[in-house]
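What follows is a short report on a single structure.
A short reminder: the numbers here are calculations on the coordinates, not readings from a lab. Bear in mind the structure is a predicted one, so any value in this text is a computation, not a measurement. We place every Cβ from the backbone using ideal geometry, glycine too, and count neighbours over all the protein chains shown.
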Amino acid sequence: MNVDLYERIWMWIAAAIVVLFLAFVGVSTFAQGIHPPSHVETIEPTKVFEDPRFSRIGTPTELPDGTIEVQVAAIMFAFVPNEIRVPPGRRIRFRMTSADVTHGFMIAGTNANTMIVPGYISQFTTVFEQPGDFLLVCHEFCGNGHHAMHGRVIVDSAAAVVKASGPSHQEAH
Ligand code: CUA
């Protein structure tokens, strides 16, 4: 088959671009660990307050690895609890779920930002380096009272933390 020289050059360029893109995807995924949120854990939205994984709402709990777990339930139109106190300089793992509709969870002025979707547990871990008083807002429209759905996150070295007696619920699942 006779393929014109210029045609052949462009075919090689196109093939090289595909290989380059695949290489980028491979490096970012495996070498840099860049990936979309992958924590998939389901929960029955109508039974959030009976679920053992949310038995420590309002009680920041230190896990065996030193991470402090904070459990939050989102309901129309409040966060439970609505005031969260955590110490600075520690790994804080937020575990959140909704008892009704989709809500948002954003701690203003920080990179803490996620959606809270009924049926699922949202989770992320962050560190607040400095003490402070942050506004917590719901940034997903959830109904008539959406604008009133906010709370506070207070980063304070005197924040009370209890020690977990067993493995974290997350590890147990
Ligand atoms: Cu909850 Cu908007």
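Suppose each label sits 7 Å from its Cα in the direction of the beta carbon; what would the Asn82-His147 distance come out to in nanometres?
1.7 nm
Could you tell me which residue out of Thr61, Phe30, Met115 lies farthest along the dipole of the chain toward its positive end? Charges go on the beta carbon: Lys and Arg +1, Asp and Glu -1, centred on the Cα centre.
Farthest towards the positive end: Thr61.
Remind me, relative contact order of the chain in percent, using alpha carbon pairs under 8 angstrom and six or more residues apart?
23 percent
Most fluctuating residue of Leu63, Leu22, Leu136 in a GNM of the chain with Cα springs under 10 Å: which is it?
Judging by the Gaussian network model, the answer is Leu22.
Taking the Cβ of each residue in Ser98, Ser165 as the centre, tally the other Cβ atoms inside 10 Å and list the residues starting with the fewest.
Starting with the residue having the fewest Cβ neighbours, the order is Ser165, Ser98.
Which of the chymotrypsin sites (Phe, Trp or Tyr not before Pro) found in region 67-173 are loop residues per DSSP with 13 or fewer other Cβ atoms within 10 Å of their Cβ?
Phe141
What distance in nm lies between label points placed 7 Å from Cα along the C-beta direction at Ala158 and Thr59?
Placing both labels 7 Å along Cα→Cβ, they lie 2.2 nm apart.
Per DSSP helix of 4 or more residues, -39500 (n - 2.57); summed, then divided by the residues of the chain. What does that give at 222 nm, rounded to the nearest 500?
Using -39500 (n - 2.57) per qualifying helix, the result is -5000 deg cm²/dmol.
Taking amide H atoms as placed 1.01 Å from N in the peptide plane, list the residues 5 or more away in sequence, or in a different chain, whose amide H sits under 5 Å from that of His139.
Gly104, Phe105, Met106
Of Val18, Phe94, Gly143, which is farthest on the positive side of the dipole of the chain, counting Cα position, with +1 on Lys and Arg Cβ, -1 on Asp and Glu Cβ, and the Cα centre as origin?
Phe94
Using a/c under 1.5 as the rounded threshold, could you call region 45-172 rounded, prolate or oblate? The axes a ≥ b ≥ c are square roots of the C-alpha gyration tensor eigenvalues, and prolate needs a/b larger than b/c, oblate otherwise.
oblate
What do you get for the angle between helix 5-26 and the principal long axis of the chain? Use alpha-carbon atoms, 0 to 90 degrees, nearest ten.
With rounding to tens, the tilt is 20 degrees.
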